[in-house]
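> Please see the structure below; I have some questions.
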Amino acid sequence: MVTMDERRLVTVSKFLSKYLRHEPEALGLTLEPGGWVPVDALLAGAAGKGFRIGRDELDQVVAQNDKRRFSIDAAGTRIRANQGHSAAVDLQLTPVPPEEVPEVLYHGTVQRFLDAILREGLRPMQRHHVHLSPDVETASKVGMRRGRPVVLTVDARALSQAGAMFYRSANGVWLVDAVPPAYLRTLAPSP
Ligand code: HQG
């Protein structure tokens with residue numbers, strides 16, 4: 001097996017995110033329940049766009065992706081993005097019972113969204129869910145994609161006990177429909 005360099009890994013990962021999360025129809029794909037598509041159809045669709053991906057490359061991207069964004073099923077015939085979709089799909093997530101939801105989770109964002117977030121709560125925006133991180137460091141990295149990060153603490157257990165459904169994605173990201181302002185606090189910025 002040829003080992004891929006980091007740049008190629010990122011390029012293939014971005015390609016997969018685009019079509020498995022956002023525009024499956026542009027590759028002639030339909031997301032099955034759970035977000036799955038046949039690997040063969042994906043590789044054929046990619047080749048049709050002039051972007052050839054080898055099956056061994058695909059396996060490496062799934063295995064080595066820094067955030068475990070993708071899964072291949074046990075039979076090795078279907079692939080999916082684990083979360084982050086904007087395309088319509090039933091991800092067949094199982095709600096986590098309130099007693100298994102952590103007391104607090106974190107959300108990384110940036111200052112310019114803060115007023116709106118504290119006023120109307122966290123909303124899923126283009127995605128299906130609000131994404132929450134299990135620790136401050138991860139949340140901080142998520143916020144950093146947009147500038148100087150601001151981390152919010154989410155009273156997740158309380159929100160779950162109040163009836164909100166929490167889901168955990170295969171890569172440890174927590175998902176919830178929305179977070180009302182009453183369950184949010186800004187974490188004091190680190191010096
Ligand atoms: C903000 C990446 C105004 C929210 C990351 C965020 C993550 C509001 C942006 C995953 C708002 C949405 C998700 C409100 C939320 N008013 N702004 N009421 N509510 N926002 O990308 O959480 O690389 O959809 O704070 O690492 O940043 O894709 O969500 O800034 O895990 O695998 O609206 O995406 O992973 O942005 O990131 P996003 P996110 P991947």
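> So, in segment 100-122, exactly how many residues are over 12 Å from LEU184 (Cβ atoms) and of a type outside the set (A, V, I, L, M, F, W, C)?
Of the residues in segment 100-122, 7 are over 12 Å from LEU184 (Cβ atoms) and of a type outside the set (A, V, I, L, M, F, W, C).
> Also, I was wondering about something else. Could we say that VAL142 is within 8 Å of the ligand (Cβ to nearest atom), within 30 Å of VAL39 (Cβ to Cβ) and free of Cβ contacts under 8 Å to residues at least 40 places away in the same chain here?
Judged against the criteria, VAL142 is a match.
> May I ask you to list the residues in segment 56-81 that are among the hydroxyl-bearing types (Ser, Thr, Tyr) and either assigned by TED's automatic domain parsing to the domain that holds THR138 or surrounded by 15 or more Cβ atoms within 10 Å (Cβ to Cβ) (or both)?
In the first step, residues of segment 56-81 are kept if they are among the hydroxyl-bearing types (Ser, Thr, Tyr); the result is 71, 77.
Within segment 56-81, just SER71 meets the criteria.
> Oh, and also: Of all residues in segment 54-77, count the ones that are among the hydroxyl-bearing types (Ser, Thr, Tyr) and in contact with a Leu (Cβ under 9 Å, 6 or more places away or on another chain).
Within segment 54-77, residues that are among the hydroxyl-bearing types (Ser, Thr, Tyr) and in contact with a Leu (Cβ under 9 Å, 6 or more places away or on another chain) number 0.
> Now a separate question. Please find, among VAL130, VAL104, the residue that is away from the ligand (no atom under 15 Å from the Cβ), over 26 Å from LEU9 (Cα atoms) and not assigned by TED's automatic domain parsing to the domain that holds LEU29.
VAL104
> List, please: which pairs have Cβ atoms under 9 Å, are six or more places apart or on different chains, and start with a residue in segment 110-135 that is on the phi > 0 side of the Ramachandran plot and end with one that is not aromatic (Phe, Trp, Tyr)?
Listed pairs, sorted by first residue: GLY121/VAL130; GLY121/ALA178; GLY121/VAL179; GLY121/PRO180; GLY121/PRO181; GLY121/ALA182; GLY121/LEU184.
> Go through (1) outside any helix (DSSP H, G or I); (2) under 22 Å from the mean Cα position of the chain (by Cα); (3) at pLDDT 95 or above for GLN83 and report which single condition fails.
(3)
The values are calculated or read from the model by the stated rules, or taken from the named source; none is laboratory data. This is a predicted model, so every value here is computed, not measured. Neighbour counts run over all protein chains shown; Cβ positions are idealised from the backbone, glycine included.
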